[in-house]
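Encoded as structure tokens, the structure appears first; notes follow it.
The values are calculated or read from the model by the stated rules, or taken from the named source; none is laboratory data. As the structure is a prediction and not an experimental result, all values here were calculated from the model. When we count neighbours, we look across all protein chains shown, and the Cβ atoms used for this are built from the backbone with ideal geometry, even at glycine.
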Amino acid sequence: MSSHDRTKYKHKKRSSNKLVRKIRKFFQGFFEDSSPPKEYRPYLGPDATDEQVEEMKFENTRATKKRRTGKRKSGGFLSFLSAKNIEKRVEKRKSDQHKRKVKRKMRAKKRKHERKTRRIDFIRRFLPNYKKERAISIEFSQDESDDRIKHGNYLTYTFNSVILYILAYLLVYMVYQLTVLVIAARWHLDSVLFFYDLQFNDFSPLWTPHNIIIVTISGPVVALLFGILFLRILGGRFHMRKHLKLFMLWLGLHGYNLFLGAFASGTSFDEGFGYVAAWLYLNIFWKILISLIFLFILGWIGFAAAPKFLDTSFSITRVKQQNKIKFLFYQVILSWFIGSLILILVRIPYIMPYDTGNLITMVFAVAPMLFNRMAKPTKNFRLEKRQNRLKWFLFALMVALVLLYRIGLDHGLHIQLHYRILFNLDIAPI
């Protein structure tokens, strides 16, 4: 084959190969996707920070490069000492240090929160409402026409509260006097129970300084237990009927008052609880100081009890910021004044200074509630809304018990309690 024929053959072969490549390239676009692969972006959540997003982008970029280029061969010791590798190691060390620092802060924050929780739980054993989330945000709507219609009818609350105030006082007072009677019988000291007092033979040779202190302090101690039980423990329960809860709260306040307020009243008139201070030979300075401390504690208890009394309203309108002081005035202050006045009138003509003083010291428990403007109910009245009505059954019960108390104890009951294997009780009217 001549040189001319060989050149012609090569040119023909080159052109045919070029045509095949063009045809292959043309059909390659139909079956293969020439666009770069999409980047994998995992969902980090709505709370992802910018640092997490940037770190994830960096990891995706590095993984993509690694898939494209494969593992890079190590450059040996010189590659290890290169500036780029040193910079990477420094950044990684800083990142690890930052992560360890964040973990230490989180652990410290968790330990601090656990210590705070344990401290609050310990304090709540003595103060149940300490840092308690009891403020319920109450939104007032326009569809509460029934509350707006009865907005000014607060005297219904006062009527029912006066009844429960008197019933609670009679119960705590009788338990107070009967406790003193039982303890006095331990030393064979007979007593006569009147509606106005519990009288002993003050000139009996059986009296000693020791049993005088024990007998006179026994009643206030039992009253204090009443306060702790009914105001602190039972008064804080949520699922309780409205008037039963109010009765429990009055029992608790009367119990606290017949211990804390009775000391101030007793030291002022040298009666009742005041005998303890007299036979402990406390001078006037200590009597006044302890009385002021007890009255301050009584006021603080009343101040803290304001949210519990708001729970007895069962009305969204009456616990609003502009109405709750008015509600507490009718429910608590006015009820205390009217109830105390009725109890004083029932004892005419034997108005004892000590018992009257105990009714007056109750003002230190009820008045501070008006100053607790931050008090909020612990119930959601949208779910537990109830209609307030006059309780005529409770009124009839109160009248019957007051008459029984006034007429039954008018002439006195001579009570003798003898401690034997089985104690013997003798009760005889005078």
* Asked: Pick from Leu171, Leu189: which is touching a Phe, Trp or Tyr at 6+ places or on another chain (Cβ under 9 Å), more than 13 Å from Leu417 (Cα to Cα) and either in a helix (DSSP H, G or I) or assigned by TED's automatic domain parsing to the domain that holds Met398 (or both)?
  -> Leu171
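Per-residue answers, yes or no, for (1) acidic (Asp, Glu); (2) out of contact with any strand residue (DSSP E or B) (no Cβ under 6 Å at 6 or more places or on another chain); (3) under 30 Å from Gln387 (Cβ atoms):
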| position | (1), (2), (3) |
| --- | --- |
| Thr158 | no, yes, yes |
| Ser161 | no, yes, yes |
| Ile166 | no, yes, yes |
| Val175 | no, yes, no |
| Leu178 | no, yes, no |
| Ser191 | no, no, no |
| Asn201 | no, yes, no |
| Leu206 | no, yes, no |
* If Trp187 passes every condition in (1) aromatic (Phe, Trp, Tyr); (2) in contact with a Ser or Thr (Cβ under 7 Å, 6 or more places away or on another chain); (3) closer than 24 Å to Leu280 by Cα but one, which one does it miss? -> (2)
* Of Thr158, Thr179, which residue is part of a helix (DSSP H, G or I), at pLDDT 90 or above, farther than 23 Å from Val399 by Cβ and assigned by TED's automatic domain parsing to the domain that holds Ala400? -> Thr179
* To do: Search region 199-214 for residues being under 44 Å from the mean Cα position of the chain (by Cα) and not β-branched (Val, Ile, Thr), and hand back the single one that is nearest to Ala184 (Cα to Cα).
  => Asn211
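Residues checked against (1) aromatic (Phe, Trp, Tyr); (2) without any contact (Cβ under 8 Å) to a residue 60 or more places away in the chain:
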{"position": "Phe269", "(1), (2)": "yes, no"}
{"position": "Gly272", "(1), (2)": "no, no"}
{"position": "Ala278", "(1), (2)": "no, yes"}
{"position": "Ile284", "(1), (2)": "no, yes"}
{"position": "Ser291", "(1), (2)": "no, yes"}
{"position": "Leu295", "(1), (2)": "no, no"}
{"position": "Leu298", "(1), (2)": "no, no"}
{"position": "Gly302", "(1), (2)": "no, no"}
{"position": "Ala306", "(1), (2)": "no, no"}
* If you check every pair at least six apart or on different chains, which have Cβ atoms under 8 Å apart with a residue in region 209-226 that is closer than 20 Å to Phe294 by Cβ first and a residue that is at pLDDT 95 or above and outside any helix (DSSP H, G or I) second? -> none
* helices (runs of 4 or more DSSP H) (entirely within region 283-400) containing at least 3 residues that are crowded, with 18+ Cβ neighbours inside 10 Å and aliphatic (A, V, I, L, M) -> 284-304, 363-366
